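Data first, discussion second: the structure below is written as structure tokens.
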Amino acid sequence: MIKEVICFSFLLFLIGCGETSSSSVEKLTLFNETYYEQQWSINYDASFYNLNSIDSDAHIHAGELLEGNRGFGIKIAVIDDGLDMNHEDLSGAVVESYNLETGGTDVSHTLTSDTHGTAVTGIIGARINSKGIVGVAGESEIIFLKYKEMMSDAEIIELFNKAEAFGADLINCSWGTYDVSQSVKDTIVDLANNGRNGKGIAIVFASGNDDQDMGNDESAIPEVISVGATNKENLRAVYSNFGDNLDLMAPGGYWLGITTLDNSANNGVATLDANYILYNDANGFAGTSASAPIVSGVIALMLAKNPNLTRVEIENILKNTADKIGNVSYENGKNIYYGFGKINLINIMNNI
Amino acid sequence: MKKLVIICILLTQLINAKDSYFYKNDEMVVLTPISSETRTFQSIDYYQNEKGILLGVKDTLFLKLQNNQNLQNYLNEFNLSMIKEMSENLYLLKTTDKSLTIDIANRLSEKEDVAYAHPDFIKKRVKR
């Protein structure tokens, strides 16, 4: 009997060692990303924060949640200007692609100076592969839809419908026209209410970088999740558009940029690392374009945890758990410059 | 005789006058044509709305009907052809000439069973 107890205890010890070991390996995968320490929007690194005088709450409170929550299998459509599909940090990430101009699947950037779509996609879905950075949802599946800068209402409707046809759970739009047509608005509202087999597709729009009211922009559609930008002081970035329909805030940076991917295929814009736009790059990436994909990544984590969440439930959780930052008053939980506040991942995941 | 000529000229101008507005949520949005020198494409007319936003207009428009009972009548009345039914009772239609698109959209907007009609506007997507 004693022998059996000793054997059993030894077995438990081995299992314990196994878990510890596995957990350590998992942890190492995030910290092995070359630039993880400077991903200040999702990672609180004390020395990096001190060095750059960043408010200790400027991040989204991901804590260690990204270790075990990676949005596995959630399909995120990104509508943008092009993508470096061969980027080392997006290996295996893209499951579908469509180029509006050509009708084909090659969505590479048109101009060497284009990098926006790659930067946005990196924030959402950069892989955990010990290369450069980690996306908020590093195991999500990317559907990339390449738009045209000058595009008709019919063409943008086509892209939204493509996203749905490809099975998108959510759609990220880090752009806007400031003047959405009724037909486009109807399409977006229909997808938000009835897409995803009736559960509704979460459609995330950047609020814009003009320090003005969102007006009749796509981001001002009530069924859209509109996202403004905060800076390293954990305050609204001065450029961030605002209005009655602003929903949430997320880090977008200003002087301190958001580290993400560069378009490495065509040299891109980065000056410090050919493949990555670092936080301090002269051509840094900052704006509500960076804030929106952070929220999109977070929604992917929510859906991975509970795929049955409706779009309305997602919105409610995001709003009800947001941090009321900015030393401003929130009436009925809302402020026109901060929406319902800044997203807090720990609060969000605890409410699912 | 001179007066008659002037009246005839004015009447001709009136008949040929193009709308310089379109309807959005039942409100008129004033459009200012952009001079032809700055137009990039011959197949598109460019305008600015009151906020200075550039809007391209070609020979296509959207029609949203409350029901499709009068669809064929409207196609006949305005010499429109169907390109695609985008969703239930939302149609993408083709006019015979881009110069007619705004006028036809406006006339359609005035019909009782039309939820809305507007040109298939070309707009710039601004990265943020």
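Filtering B:L55, B:L61, B:L93 for residues that are in contact (Cβ under 8 Å) with a residue 60 or more places away in the chain and under 14 Å from the mean Cα position of the chain (by Cα) leaves a single hit, B:L55. Quick one: would you say A:G208 is at positive phi and under 18 Å from the mean Cα position of the chain (by Cα)? Judged against the criteria, A:G208 is a match.
In segment A:135-150, of all residues being within 14 Å of chain B (Cβ to nearest Cβ) and out of contact with any Leu (no Cβ under 7 Å at 6 or more places or on another chain), the one that is nearest to A:H116 (Cα to Cα) corresponds to A:E149. Exactly one condition in (1) among the hydroxyl-bearing types (S, T, Y); (2) open to solvent by 10 Å² or more (accessible area, probe 1.4 Å); (3) farther than 21 Å from A:N267 by Cα is false for A:S140; which is it? Single failed check for A:S140: (2).
Pairs are defined by a Cβ separation below 7 Å, a sequence spacing of at least 6 or placement on different chains, a first member in segment B:109-124 that is within 7 Å of another protein chain (Cβ to nearest Cβ) and open to solvent by 50 Å² or more (accessible area, probe 1.4 Å), and a second member that is among the hydrophobic types (A, V, I, L, M, F, W, C) and part of a strand (DSSP E or B); the pairs so defined are B:K124/A:M150; B:K124/B:L54.
The rows are residues; the columns are (1) over 30 Å from A:D210 (Cβ atoms); (2) polar (S, T, N, Q).
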{"site": "B:L31", "(1), (2)": "no, no"}
{"site": "B:N49", "(1), (2)": "no, yes"}
{"site": "B:F62", "(1), (2)": "no, no"}
{"site": "B:N68", "(1), (2)": "yes, yes"}
{"site": "B:L71", "(1), (2)": "yes, no"}
{"site": "B:N76", "(1), (2)": "yes, yes"}
{"site": "B:N79", "(1), (2)": "yes, yes"}
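What do you reckon, is A:I124 of a type in the set (V, I, T), over 16 Å from the mean Cα position of the chain (by Cα) and under 23 Å from A:G253 (Cα atoms)? Answer is no for this residue.
Among the residues of segment A:167-186, are any at the interface with another protein chain (Cβ under 8 Å from one of its Cβ atoms), assigned to a loop (DSSP other than H, G, I, E, B) and closer than 17 Å to A:H116 by Cβ? Taking every residue of segment A:167-186 in turn, at least one turns out to be at the interface with another protein chain (Cβ under 8 Å from one of its Cβ atoms), assigned to a loop (DSSP other than H, G, I, E, B) and closer than 17 Å to A:H116 by Cβ. If you take the residues of segment A:246-269 that are of a type in the set (S, T, N, Q) and surrounded by 19 or more Cβ atoms within 10 Å (Cβ to Cβ), which of them is farthest from A:H87 (Cα to Cα)? Looking at the filtered set, the residue picked out is A:T259. Among the residues of segment A:86-111, the one identified as under 23 Å from A:K131 (Cα atoms) and open to solvent by 90 Å² or more (accessible area, probe 1.4 Å) is A:N86.
Among the residues that make up segment A:50-73, is at least one of them without any contact (Cβ under 8 Å) to a residue 60 or more places away in the chain and either more than 17 Å from A:L345 (Cβ to Cβ) or open to solvent by less than 20 Å² (accessible area, probe 1.4 Å) (or both)?
Checking segment A:50-73: at least one residue is without any contact (Cβ under 8 Å) to a residue 60 or more places away in the chain and either more than 17 Å from A:L345 (Cβ to Cβ) or open to solvent by less than 20 Å² (accessible area, probe 1.4 Å) (or both).
Of the residues in segment A:218-233, not one is open to solvent by less than 40 Å² (accessible area, probe 1.4 Å), in contact with a strand residue (DSSP E or B) (Cβ under 9 Å, 6 or more places away or on another chain) and on the phi > 0 side of the Ramachandran plot. Out of segment A:296-316, which residues are surrounded by fewer than 20 Cβ atoms within 10 Å (Cβ to Cβ) and either not in a loop (DSSP other than H, G, I, E, B) or not β-branched (V, I, T) (or both)? Across segment A:296-316, the qualifying residues are A:A304, A:K305, A:N306, A:P307, A:N308, A:V312, A:E313, A:N316. Determine whether segment A:287-295 contains at least one residue that is surrounded by fewer than 24 Cβ atoms within 10 Å (Cβ to Cβ) and either at pLDDT 95 or above or within 14 Å of chain B (Cβ to nearest Cβ) (or both). Within segment A:287-295, not a single residue is surrounded by fewer than 24 Cβ atoms within 10 Å (Cβ to Cβ) and either at pLDDT 95 or above or within 14 Å of chain B (Cβ to nearest Cβ) (or both).
Of the strands (runs of 3 or more DSSP E) lying entirely inside segment B:38-126, those carrying at least 3 residues that are closer than 23 Å to A:Y147 by Cβ are B:45-48, B:54-57, B:60-65, B:81-87, B:90-94, B:122-124.
What do you reckon, is B:S81 at pLDDT 95 or above, open to solvent by 50 Å² or more (accessible area, probe 1.4 Å) and either out of contact with any helix residue (DSSP H, G or I) (no Cβ under 7 Å at 6 or more places or on another chain) or of a type outside the set (D, E, K, R) (or both)? It is true that B:S81 is at pLDDT 95 or above, open to solvent by 50 Å² or more (accessible area, probe 1.4 Å) and either out of contact with any helix residue (DSSP H, G or I) (no Cβ under 7 Å at 6 or more places or on another chain) or of a type outside the set (D, E, K, R) (or both). For segment A:133-192, a residue qualifies if it is of a type in the set (D, E), closer than 27 Å to B:N89 by Cβ and in contact with a strand residue (DSSP E or B) (Cβ under 8 Å, 6 or more places away or on another chain), and the qualifying residues are A:D153, A:D179, A:D186, A:D190.
The values are calculated or read from the model by the stated rules, or taken from the named source; none is laboratory data. Because the structure is predicted, anything quoted here is derived from the model rather than measured. Note that we place each Cβ from the backbone using ideal geometry, even for glycine, and neighbour counts take in every protein chain shown. These area figures cover heavy atoms from the full protein model, side chains too; ligands, DNA and RNA do not enter into them. Shrake-Rupley method; radii C 1.70, N 1.55, O 1.52, S 1.80 Å.
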